[in-house]
Amino acid sequence: MCGIYGVLGLNGPARTGVDVIGRMGDLMVHRGPDDSGIYADEQVRLGMRRLSIIDVSGGHQPIKNEAGDIVVVCNGEIYNFRALRAELVRKGHHFGSHSDTEVLVHLYEEEGEKFLGRLEGMFALALWDRPNRKLIVARDALGIKPLYFGEVAGELVFASEAKSLLALPGFRCELDPVSLGGFLGFGYVAAPRSMFRGIQKLEPGQALVVEHGRSRMHKFWSLPADVDTTVSEADWVERIRTEVERSVHDQMVSDVPIGAFLSGGIDSSAIVACMSRHSPHPVRTYSIGFKGSSGAELYNELPHAQAVAQAFGTQHREILVQPDVVSLLPLLAWHLDEPIADAAFITTYLVAKFAREDVTVILSGVGGDELFGGYRRYLDGHLRSRYRSVPQIIRRGLIEPLAKRLPSDRHHRLLNELRLARAFVLADHLPFPERYSQFMQVFSAAERATLLLGGGKEQLDYIAQAFANTRSRDQLRQLMDVDLATQLPEDLLMLTDKMTMATSLECRVPLLDQGLVALAARIPAPLRMKNGELKYLLKRALIGQLPDEILYRKKRGFGAPVGAWFKQELARLVDHVLSASAVRKRGLLNPDVVTATIAEHRASGADRTDHLLGLLGLEIWCRLYLDRVSPDDLASELQDCLRA
């Protein structure tokens, strides 16, 4: 695991010096505290920070081919490197290390740009073909690893983290106004944009190729086009069971200690079950819970995690969290690069830091809900057919007016159910893509028009764009396509990468193995979710492997009860950061709308957890990146506010 960065002169020699390149690496030393390296010639500079996982004593990057004219830096892991290495050795290539990264230069020699399609893993890489003056930078198929790039003063620049690009002379740190609207709409900024003007992100499965100064985009991986209705339910179950087992086994390869995040949900429990069958020692597992605060009981999954740990005899550790951790927000915002309105970034960082005391590699269950239909929003078609059997006069005249008046609070069991019911009913009249977009959004388009000063004329709808790109006719498969193009890579995987790397911990996601993803993409809707049962096939595949109380318990998202904290323990902090004077001074948002959002949340008129988290994250991001306030100074300010 590493952080990579570099510069390419587009029309001749690169002007950026090696000393500046070194500063780019210094800004993300957390991604690779074990080693560093830089390659430089007249036109290109490639740099890396290394967290040593495989071939700890060797594997120094950048890595070259035998002739020294093909050079690569890579962040991540290539899981099928052993098979590729054996193939390349048979073809006469000589290896100087046991690193997975070295296969890249030799595979490129054999196959050119097509080598990207042979890779199974999570990675962001940069490969320089000196004889042909060609640079290839690429992001893995699922977008597990991020890669930022931009152009400044005739040079292409790229890095694993946006903050490294800001170290370059002439790169001004400015907010991108279009991305601001997209962030307020969905709580994250989706590729190809970023929150920074002039900085872009590669999309999942995409490569940027620059050859003799000319650039082009190359999509090297995509899902199979449609579902397969010829496979029986029993065969699907067996295939899923086999592929999950293979993926977990393949991703356990490591020369350093390895463990697993364990929430007690189906996905993380399935990974721990597989790991226990392939590990000669008890698996190390790590869980997070909450105590002594509002909403703590609803989010506390420790008893379920304990049950799984006991069932598989793991070496289990737990961490309990209280609201004062919010003083970490400036540090976490700096590591995130871009604000994300998802409380999971807080819990991910805390449990990652905790696990890093023992291990260097961690396995996570991220991706299982998207692949196998685990979100309650996927029940839309199943529930809507029943709801529309109710006479329209009753739906329009009685149920909808009542739904508008329902209280809402995701941190209270009853009020959370009312929140979901309200969203479902009020979106009933919309076409399917618009219903899904409305369910996923934070601030609606109408709300953004009043919230953003200037009306937010350029508004991005990531969901609508993703629906337009899907080729499938199967409704649940369409949702998988949309989620794999939007929220999964740009929210969940982005925060997972940034928060684990902030602690120098490599996080692997076995359920997003490319073979398993391609298999899941072929599952037809009637089996992906049968009779309204979420994760129907995955549950069948895990019968006998997981306790029934884990397989069939109600889902609880991985996050923190920050919405409840905003009403009580953190109310003063919200009022301080989002005061009318602070919002007015920033000049981006309407302070009256912000104040009304806070009041509505506290009155439980509507659950505004994500809205407030997004607004807080935005202002903190502005303080750090636009105002250049240090994370330590801003943290001290927030701590003073909490103590008051």
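The values are calculated or read from the model by the stated rules, or taken from the named source; none is laboratory data. Note that the coordinates shown come from a computational prediction; the quantities given were computed from them, not determined experimentally. Heads up, the Cβs are rebuilt from the backbone with ideal geometry, glycines too, and the neighbour counts pull from every protein chain shown. Ligands, DNA and RNA are excluded from the accessible area calculation, which covers all protein heavy atoms including side chains. Shrake-Rupley method; radii C 1.70, N 1.55, O 1.52, S 1.80 Å.
Below, the figures for the structure above:
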| item | result |
| --- | --- |
| Number of the condition not met by Glu151 [criteria: (1) of a type outside the set (S, T, N, Q); (2) within 27 Å of the chain's Cα centre (by Cα); (3) open to solvent by less than 20 Å² (accessible area, probe 1.4 Å)] | (3) |
| Checklist (1) in a loop (DSSP other than H, G, I, E, B); (2) over 21 Å from the mean Cα position of the chain (by Cα); (3) in contact (Cβ under 8 Å) with a residue 60 or more places away in the chain applied to Gly365, failing item | (2) |
| Set Asp35, Asp26: member being in contact with a strand residue (DSSP E or B) (Cβ under 7 Å, 6 or more places away or on another chain), within 17 Å of Val73 (Cα to Cα) and among the charged types (D, E, K, R) | Asp35 |
| In region 595-627, residue surrounded by the fewest Cβ atoms within 10 Å (Cβ to Cβ) [restricted to those that are charged (D, E, K, R) and touching a residue at least 24 places away in the same chain (Cβ under 8 Å)] | Arg602 |
| Region 195-251: number of residues that are in contact (Cβ under 8 Å) with a residue 40 or more places away in the chain, closer than 30 Å to Leu165 by Cβ, open to solvent by 20 Å² or more (accessible area, probe 1.4 Å) and not polar (S, T, N, Q) | 8 |
| Meets criteria (open to solvent by less than 10 Å² (accessible area, probe 1.4 Å), under 26 Å from Ser630 (Cα atoms) and either touching a residue at least 12 places away in the same chain (Cβ under 8 Å) or in a loop (DSSP other than H, G, I, E, B) (or both)) for Val189 | yes |
| Odd one out for Pro169, checked against (1) part of a helix (DSSP H, G or I); (2) over 29 Å from Thr450 (Cα atoms) | (1) |
| Filtered residues of region 458-486 (kept if among the small types (Gly, Ala, Ser) and open to solvent by 30 Å² or more (accessible area, probe 1.4 Å)) | Ala464, Ala468, Ala485 |
| Residue list for region 487-530, restricted to those being open to solvent by 10 Å² or more (accessible area, probe 1.4 Å), under 24 Å from Arg193 (Cα atoms) and over 11 Å from the mean Cα position of the chain (by Cα) | Ala502 |
| Evaluation of Glu301 against (1) open to solvent by less than 40 Å² (accessible area, probe 1.4 Å); (2) modelled with pLDDT of 95 or more; (3) among the charged types (D, E, K, R) (one fails), failing number | (2) |
| One residue from Glu203, Glu211 being closer than 30 Å to Asp176 by Cα and touching a Pro at 6+ places or on another chain (Cβ under 7 Å) | Glu203 |
| Test for Ala580: is it surrounded by fewer than 20 Cβ atoms within 10 Å (Cβ to Cβ) and either in contact with a Ser or Thr (Cβ under 6 Å, 6 or more places away or on another chain) or modelled with pLDDT of 95 or more (or both) | yes |
| Pair list, Cβ < 7 Å and 6+ apart or interchain, from region 488-506 residues that are at positive phi and in contact (Cβ under 8 Å) with a residue 12 or more places away in the chain to residues that are surrounded by fewer than 24 Cβ atoms within 10 Å (Cβ to Cβ) and part of a helix (DSSP H, G or I) | Ser504/His30 |
| Hits in region 154-186 (condition: open to solvent by 10 Å² or more (accessible area, probe 1.4 Å), at pLDDT 95 or above and β-branched (Val, Ile, Thr)) | none |
| Residue among Ser36, Ser52 that is modelled with pLDDT under 95, surrounded by fewer than 24 Cβ atoms within 10 Å (Cβ to Cβ), in contact with a Ser or Thr (Cβ under 9 Å, 6 or more places away or on another chain) and polar (S, T, N, Q) | Ser52 |
| Candidate set from region 412-457 (those that are of a type in the set (Lys, Arg) and open to solvent by 70 Å² or more (accessible area, probe 1.4 Å)); member that is modelled with the highest pLDDT | Arg413 |
| Sole residue being touching a helix residue (DSSP H, G or I) at 6+ places or on another chain (Cβ under 6 Å), of a type in the set (Gly, Ala, Ser) and within 27 Å of Asp513 (Cβ to Cβ), chosen from Gly3, Gly76 | Gly3 |
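Yes/no per residue for (1) surrounded by fewer than 24 Cβ atoms within 10 Å (Cβ to Cβ); (2) of a type in the set (D, E, K, R); (3) in contact (Cβ under 8 Å) with a residue 12 or more places away in the chain; (4) out of contact with any helix residue (DSSP H, G or I) (no Cβ under 7 Å at 6 or more places or on another chain):
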residue: Asp69; (1), (2), (3), (4): yes, yes, yes, yes
residue: Ala86; (1), (2), (3), (4): yes, no, no, yes
residue: Ala124; (1), (2), (3), (4): no, no, yes, yes
residue: Arg139; (1), (2), (3), (4): no, yes, yes, yes
